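For reference, the structure discussed in these notes is given below.
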């Protein structure tokens, strides 16, 4: 599966199948959340949140690719990401794009 954030793939012709997406809603352990709240006082990277968001993006991307594969796609173009807070201390990451099938 080819995944790109452009609206074309050099040297490939394709037909559009449709929109695909993958999501992940995740939070960190309450202990890490408490430690992060103290860290905001002194500043610095909140590594457990960084790890959480990286894991969420990877999972959302994998789920989007699985959605495309279930539609018979060869690639996903125009990939974009969005994130939002669902409830306090829980975030959603969404990956979405256009599934395409290569043609001769």
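List of remarks:
- Extension gain from residue 71 to residue 8, taking 0.36 nm per residue of separation minus the Cα-Cα distance: 20.8 nm
- Proxy reagent accessibility, fewest Cβ within 10 Å first, across 14, 102: 102, 14
No lab work stands behind these numbers, since they all come straight from the coordinates. Note that this is a predicted model, so its numbers are computed, not measured. Cβ coordinates were reconstructed from backbone atoms using ideal geometry, including for glycine residues, and neighbour counts include every protein chain displayed.
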